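To start, the structure itself, in structure tokens.
The values are calculated or read from the model by the stated rules, or taken from the named source; none is laboratory data. This one's a predicted model, so the numbers in the text were calculated from it and none came from an experiment. Methodologically, a virtual Cβ is constructed for each residue, glycine included, from the backbone with ideal geometry; neighbour enumeration extends over all protein chains shown. For the accessible areas, the whole protein counts, side chains as well, though only heavy atoms, and no ligand, DNA or RNA atoms are used. Shrake-Rupley method; radii C 1.70, N 1.55, O 1.52, S 1.80 Å.
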Amino acid sequence: MKKLINDPARYVDESLDGLTLAFPSLVRDGAAGRVVRRAEGMTEGKVGIASGGGFGHLPLFTGYVGRGLIDTCAIGNVFEGPNIDSCIDAIRLADGGRGVLRLYGNYGGDRMNFDMAGEVLEDEGIRCTTVLGTDDIASGGPGEIGRRRGVAGLIYAYKTAGAAAEAGADLEEVTRIAAKAVAATRTIGVGLAPCRLPSAAKPSFELAEDEIEMGIGIHGEPGIWRDRLRPADAIADEMVDRLLADLPAQSGGEASVLVNGLGATPLEELFILYRRIRSRFDQAGLTIAHPLVGNYVTSMEMQGASVSLFHLDEELKALLRAPAECAFWRVD
């Protein structure tokens, strides 16, 4: 694998420099420069939303800082959670005087550092709440929601909670919306080829040329099974079957579907998957509103895809359709 890099130790910072130069709506901030925030600063009187996670998943997490989405993002090294100081900076910079929702994926290091940061800032008078993304159905059964990782479906919580905050909702309401969105979201992924971290001499895991792994995590965490490559329709069918077998309690007849590329999958192949997925959901009587196809949450140059199903009611549908704008996603 070849990479367009200089010093691996500078990979994250040089990439963030380029990102903020390319998108002037974003600014690096914090003591170590490992927080990205909205360039206009925090709106006084608005509930803030702070997120964070390891680098290497663009557009997640950093790319969703913007109007109607999240306000700040703490950034760790590649596939490593942000340190406590960056978490403190991100929360403090997201404070507009009405409290801050910490909204991020369910990973141990992220939880620990954001929790400790929240304790520090509570002593300063900044009120915080937490909602964790737990949409990955491969990482825990229906009775083990608290064990599930947060993956591509986290963007639906960003969008709906961000819309509520932009509309002036208080901290309790923004938190409720984020938790409701997480509870309404399910994701399953499939991996075809690994990625390699900038500082590593070999890929992060191994898959034979003719193998795939169903249920793989966005850091290469083990999935449900590993077997020979199958036609796209067969892969899509299993992903749909698993999503339909894990419906949330509040699911109805309408949903948004995200067919997400993990970094090295051509858009053409994502559309082949979406074609089959849409047909299967139509057959199941599920109406698809606001479909999304593209690279929304990646894993460096991992080849593969994930499918997220976001079950909608009228409240969530209105928030999903509310205006929003960031470097990588615009809703008019």
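Quick rundown of the values:
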| item | result |
| --- | --- |
| Which listed residue is surrounded by fewer than 24 Cβ atoms within 10 Å (Cβ to Cβ), touching a Phe, Trp or Tyr at 6+ places or on another chain (Cβ under 6 Å) and of a type in the set (Gly, Ala, Ser), from 76, 54, 18 | 54 |
| Residue in segment 156-163 that is under 22 Å from residue 217 (Cβ atoms) and in contact (Cβ under 8 Å) with a residue 60 or more places away in the chain present | yes |
| Residues that are part of a strand (DSSP E or B) and either over 24 Å from residue 312 (Cβ atoms) or not hydrophobic (A, V, I, L, M, F, W, C) (or both), drawn from segment 169-200 | 185, 186, 187, 189, 190, 191, 192, 193 |
| Matching residues in segment 141-168 - criterion: being in a loop (DSSP other than H, G, I, E, B) and either modelled with pLDDT under 95 or open to solvent by 20 Å² or more (accessible area, probe 1.4 Å) (or both) | 141, 142, 143, 144, 149, 167, 168 |
| Residues that are out of contact with any helix residue (DSSP H, G or I) (no Cβ under 6 Å at 6 or more places or on another chain), buried (at least 20 other Cβ atoms within 10 Å of the Cβ) and not basic (Lys, Arg), drawn from segment 30-48 | 48 |
| Set 81, 108: member being among the small types (Gly, Ala, Ser) and open to solvent by less than 40 Å² (accessible area, probe 1.4 Å) | 81 |
| Wholly within segment 32-88, strands (runs of 3 or more DSSP E) carrying at least 1 residues that are over 27 Å from residue 302 (Cα atoms) and among the small types (Gly, Ala, Ser) | 48-55 |
| Residue match in segment 267-282 (condition: small (Gly, Ala, Ser), on the phi > 0 side of the Ramachandran plot and in the same structural domain as residue 212 (by TED's automatic domain parsing)) | no |
| Segment 10-31 - residue that is small (Gly, Ala, Ser) and out of contact with any strand residue (DSSP E or B) (no Cβ under 8 Å at 6 or more places or on another chain) and, of those, nearest to residue 53 (Cα to Cα) | 31 |
| Which numbered condition residue 270 misses (of (1) open to solvent by less than 30 Å² (accessible area, probe 1.4 Å); (2) under 23 Å from residue 145 (Cα atoms); (3) part of a helix (DSSP H, G or I)) | (2) |
| Given (1) within 19 Å of residue 152 (Cβ to Cβ); (2) surrounded by 15 or more Cβ atoms within 10 Å (Cβ to Cβ), number of the condition residue 254 does not satisfy | (1) |
| Any hit, segment 214-223, residues being among the aliphatic types (A, V, I, L, M) and open to solvent by 20 Å² or more (accessible area, probe 1.4 Å) | no |
